[in-house]
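Novice: Take a look at this one; I'll ask things after.
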């Protein structure tokens, strides 16, 4: 039984590590700020999620597991806020995303219609 | 008052989990400090329906597992895109409607979008969210409104 849990937890730990590396590769390969965020979010969610699941399996039904689950909850609540803040700050700084498709019709939520959208759409 | 009591209960449970001390003196000190913390927080007027949305706890039992499943699915999709040599991305910017009635609902929706790999909410205004998606398919999935309806049901409104 202990061996099965051990094997399972190592599968989770290795998978988590692999997703962290994949997220990092994504961070490097993607063309612009907004696309890079998508690479980073793989590390945030799957990487951290699998590693913490693996660690919970290692720790068993203890206080340590409860703390790990709280940490996971904290990551799940805070990382989208940080990602959103970063994306919004980039947009406000005037960085236009490199787009293959623009479905917004030049309108961004909260902005005046059509402000400064012309040069990057449909590139 | 109900929110005060439940905030104290949650804070105290949090303290117990983090400390792991079960001697009477320390448990009383913990109880006193959780009451003090919540008292300070309610002077800041953050202990209310919006700041302490405990009523969502029951519905979270089906929403969170569903969200985690979505995260795993789209996480695998994004990983496949990252690892494929041709990097088949088609970055798309799209506006989606948020049909939630409460602020907590819209924030939950925007955060769920960002949490799901492949889509990031870039800007939120009232009931409209501008989303950057890594593929056009991801954007179209979101525009289909499945997640929107789930979040609306999560916050307690009628499914749109």
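Novice: Which residue pairs have Cβ atoms under 9 Å apart, sit 6 or more places apart or on different chains, and have a first residue in the range B:13-25 that is within 10 Å of chain A (Cβ to nearest Cβ) and a second that is surrounded by 13 or more Cβ atoms within 10 Å (Cβ to Cβ) and outside any helix (DSSP H, G or I)?
Specialist: none
Novice: While we're looking at this one, here's another question. Among the helices (runs of 4 or more DSSP H) confined wholly to the range A:1-83, which include 2 or more residues that are under 20 Å from residue B:118 (Cβ atoms) and without any contact (Cβ under 8 Å) to a residue 12 or more places away in the chain?
Specialist: Hits in the range A:1-83: A:2-29.
Novice: Filter the range B:40-54 for residues that are at pLDDT 85 or above and touching a helix residue (DSSP H, G or I) at 6+ places or on another chain (Cβ under 8 Å); which is nearest to the other protein chains (Cβ to nearest Cβ)?
Specialist: Narrowing the range B:40-54 to residues at pLDDT 85 or above: B:40-44.
Subset that is touching a helix residue (DSSP H, G or I) at 6+ places or on another chain (Cβ under 8 Å): B:41-42.
Numbers: B:41: 17, B:42: 21 Å.
For the range B:40-54, the residue satisfying everything is B:41.
Novice: Kindly indicate whether residue B:61 is loosely packed, with under 13 Cβ neighbours inside 10 Å and either more than 14 Å from chain A (Cβ to nearest Cβ) or under 25 Å from residue A:45 (Cβ atoms) (or both).
Specialist: Working: loosely packed, with under 13 Cβ neighbours inside 10 Å: yes; either more than 14 Å from chain A (Cβ to nearest Cβ) or under 25 Å from residue A:45 (Cβ atoms) (or both): yes.
So residue B:61 fits the description; yes.
Novice: Do we find a residue being assigned to a loop (DSSP other than H, G, I, E, B) and more than 10 Å from chain A (Cβ to nearest Cβ) anywhere in the range B:69-81?
Specialist: No, every residue in the range B:69-81 fails to be assigned to a loop (DSSP other than H, G, I, E, B) and more than 10 Å from chain A (Cβ to nearest Cβ).
Novice: Still on this structure, please answer the following. Can you say whether residue A:67 is within 9 Å of chain B (Cβ to nearest Cβ) and modelled with pLDDT of 90 or more, as far as the supplied structure shows?
Specialist: Numbers: within 9 Å of chain B (Cβ to nearest Cβ): yes; modelled with pLDDT of 90 or more: yes.
When the stated conditions are applied, residue A:67 passes them.
Novice: From A:43, A:62, which residue is more than 7 Å from chain B (Cβ to nearest Cβ) and farther than 19 Å from residue B:121 by Cβ?
Specialist: Details: A:43 fails: farther than 19 Å from residue B:121 by Cβ.
Sole residue among the options that is more than 7 Å from chain B (Cβ to nearest Cβ) and farther than 19 Å from residue B:121 by Cβ: A:62.
Novice: Next question, about the same structure. Would it be correct to say that residue B:57 is modelled with pLDDT under 90, in a helix (DSSP H, G or I) and out of contact with any helix residue (DSSP H, G or I) (no Cβ under 6 Å at 6 or more places or on another chain)?
Specialist: Answer is yes for this residue.
Novice: Further, regarding this structure: Taking the condition of being in contact with a strand residue (DSSP E or B) (Cβ under 9 Å, 6 or more places away or on another chain) and surrounded by 21 or more Cβ atoms within 10 Å (Cβ to Cβ), how many residues in the range B:75-93 meet it?
Specialist: Total meeting the criteria: 3.
Novice: Is at least one residue of the range B:135-144 at positive phi and modelled with pLDDT of 85 or more?
Specialist: no
Novice: Restricting to the range B:14-54, give me the number of residues that are surrounded by 12 or more Cβ atoms within 10 Å (Cβ to Cβ) and in a helix (DSSP H, G or I).
Specialist: Here the count works out to 21.
Novice: Tally time: how many residues in the range A:84-104 are touching a residue at least 40 places away in the same chain (Cβ under 8 Å), surrounded by 15 or more Cβ atoms within 10 Å (Cβ to Cβ) and part of a loop (DSSP other than H, G, I, E, B)?
Specialist: The total comes to 2.
Novice: Taking the condition of being at the interface with another protein chain (Cβ under 7 Å from one of its Cβ atoms), part of a helix (DSSP H, G or I) and either in contact (Cβ under 8 Å) with a residue 40 or more places away in the chain or buried (at least 24 other Cβ atoms within 10 Å of the Cβ) (or both), how many residues in the range B:111-138 meet it?
Specialist: Within the range B:111-138, residues that are at the interface with another protein chain (Cβ under 7 Å from one of its Cβ atoms), part of a helix (DSSP H, G or I) and either in contact (Cβ under 8 Å) with a residue 40 or more places away in the chain or buried (at least 24 other Cβ atoms within 10 Å of the Cβ) (or both) number 3.
The values are calculated or read from the model by the stated rules, or taken from the named source; none is laboratory data. As the structure is a prediction and not an experimental result, all values here were calculated from the model. For neighbour counting, all protein chains shown are included, and Cβ atoms are generated from backbone atoms with ideal geometry for every residue, glycine included.
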